[in-house]
Amino acid sequence: MSFLNGTLSQFWLTVQGTLFPWLASELGELSEKQQQLVKILELLQIESYIKGQQGVLGRPLEDRQAIGRAFVAKAVYNLETTRQLLERLTSDQIMRRLCGWERQRELPSEATFSRAFAEFAASQLPARVHEALIEKYEKPRLVGHISRDATAINGREKAAKKVKKAGPEAKPKVGGRKRAAALPKPLTRLERQQSMTLPEMLADLPKVCDCGTKRNSKGHPSYWVGYKLHLDVADGGIPISCILTSASVNDSQVAFPLATLTAQRVDNLYDLMDSAYDVPSIREKSIALGHVPLIDGHTRRGGEKPIFAPHEAQRYKERTTIERVFARLKEEFGGRVVRVRGPAKVMTSLLFGLIALTADQLLRLVS
């Protein structure tokens, strides 16, 4: 934590003591929201991850670096559509200049913004920015708790039709129990993941838009069409890693790839999960990574629900951090309404909000 405070404190002093006074003299007094945008843009430096167009043959592309900053601003201002973003850039001179355009006539068209967004999705731009942010500010410190959970993401597309699984190969007919014993039992996804690499686990997860269901805290089911965002969050509300899947994917099936991805990015002590992850292999995976799993027990048929020891129950309370992160992502950074279609674009839209949220949470620790 001392490294984090030292690095971010220096950044904060530079922004507060030098950048804000200069911007005030150039653009006028900044509102609280504009100051938040400046801090997030300066911490992310998203333009450094976008290649410039100087020296490229052919018709020059619109400034992709300014468009990248604009999509971050779209998340910070919680705007739903690109059209709303363009209207805001047209009317708000300060926001427009902070993104990189001096005059209204320099603003690209809505179609250009859409093409640029597709390029950012193909190159995984916000994912690379988020990974670099965690590498710089979270990897040097020891994280106490990682909270793991998933949330529903409503889609703006039709659910994909379910494909019937191919049956087992035809075998000679035998009677009764002998036939049942002759049929091989297919491995579950959790069993397959135990011998997979991270890229193989990610490729094996369904990502199409479909129907999902989840029970709320009162036990009532809720349904949606779209996707599910799986997230690992560190103390302080810092998102460490995320995976997007189909809405129908059970939370437990993403525990292995999430744990592997997070272990590559940070070192932590405790893994906090709810009863959806109460599977022996998930506990074993957590222990194998050198962590202490704290998983809310699931009530088994004919048995009683396991309870935490007092010190474990106290630590498990830290898991509310991830609920606050999901709430902020949806209410403040554009995660509630996703207008784009397809898993790659949906993930890119969510990640623009997630990198803005991550930068904001990091700055809250020192400001």
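Within region 197-225, residues that are more than 19 Å from Lys285 (Cβ to Cβ) sit with their Cβ atoms under 8 Å from residues that are in a helix (DSSP H, G or I), at 6+ positions apart or across chains, in these pairs: Lys207/Pro343; Val208/Pro343; Cys209/Pro343.
Of the listed requirements (1) basic (Lys, Arg); (2) closer than 30 Å to Ala247 by Cβ; (3) crowded, with 21+ Cβ neighbours inside 10 Å; (4) not assigned by TED's automatic domain parsing to the domain that holds Phe256, Arg115 misses just one: (3).
Please go through region 214-245 and pick out each residue that is within 20 Å of the chain's Cα centre (by Cα) and more than 26 Å from Ala359 (Cα to Cα). Reasoning before the result, please.
We begin by selecting, within region 214-245, every residue within 20 Å of the chain's Cα centre (by Cα); these are 214, 224-245.
Lys214, Trp224, Val225, Gly226, listed by residue number.
Each residue in region 216-236 was checked for being of a type outside the set (S, T, N, Q), under 14 Å from Arg319 (Cβ atoms) and surrounded by fewer than 20 Cβ atoms within 10 Å (Cβ to Cβ), and 2 pass.
State which residue is surrounded by the fewest Cβ atoms within 10 Å (Cβ to Cβ) when the search covers only region 246-266 and only residues that are hydroxyl-bearing (Ser, Thr, Tyr) and either under 16 Å from the mean Cα position of the chain (by Cα) or closer than 15 Å to Ile153 by Cα (or both). The extreme case among them is Ser248. Evaluate region 283-291: report whether one residue or more is among the aliphatic types (A, V, I, L, M) and part of a helix (DSSP H, G or I). Yes, there is a match, as at least one residue in region 283-291 is among the aliphatic types (A, V, I, L, M) and part of a helix (DSSP H, G or I). Just one of (1) farther than 30 Å from Pro293 by Cβ; (2) acidic (Asp, Glu); (3) not in a loop (DSSP other than H, G, I, E, B) fails for Glu157. It is (3).
The set of residues from region 86-99 being more than 18 Å from Glu29 (Cα to Cα) and surrounded by fewer than 16 Cβ atoms within 10 Å (Cβ to Cβ) comprises Glu87, Thr90.
Within region 70-85, residues that are of a type in the set (D, E, K, R) and assigned to a helix (DSSP H, G or I) sit with their Cβ atoms under 9 Å from residues that are modelled with pLDDT under 95 and surrounded by 24 or more Cβ atoms within 10 Å (Cβ to Cβ), at 6+ positions apart or across chains, in these pairs: Lys74/Gly334.
The rows are residues; the columns are (1) outside the structural domain of Ala118 (by TED's automatic domain parsing); (2) modelled with pLDDT under 95; (3) of a type in the set (Val, Ile, Thr).
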{"position": "Gly297", "(1), (2), (3)": "yes, yes, no"}
{"position": "Pro306", "(1), (2), (3)": "yes, yes, no"}
{"position": "Ala309", "(1), (2), (3)": "yes, yes, no"}
{"position": "Arg319", "(1), (2), (3)": "yes, yes, no"}
{"position": "Ile322", "(1), (2), (3)": "yes, no, yes"}
{"position": "Gly335", "(1), (2), (3)": "yes, yes, no"}
{"position": "Gly353", "(1), (2), (3)": "yes, no, no"}
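From the list Glu284, Glu331, the one residue that fits, being closer than 30 Å to Gln124 by Cβ, among the acidic types (Asp, Glu) and surrounded by fewer than 13 Cβ atoms within 10 Å (Cβ to Cβ), is Glu331.
The values are calculated or read from the model by the stated rules, or taken from the named source; none is laboratory data. Because the structure is a prediction, the values reported are computed rather than measured. Quick reminder, even Gly has a Cβ in these numbers, built from the backbone with ideal geometry, and neighbours come from all protein chains shown.
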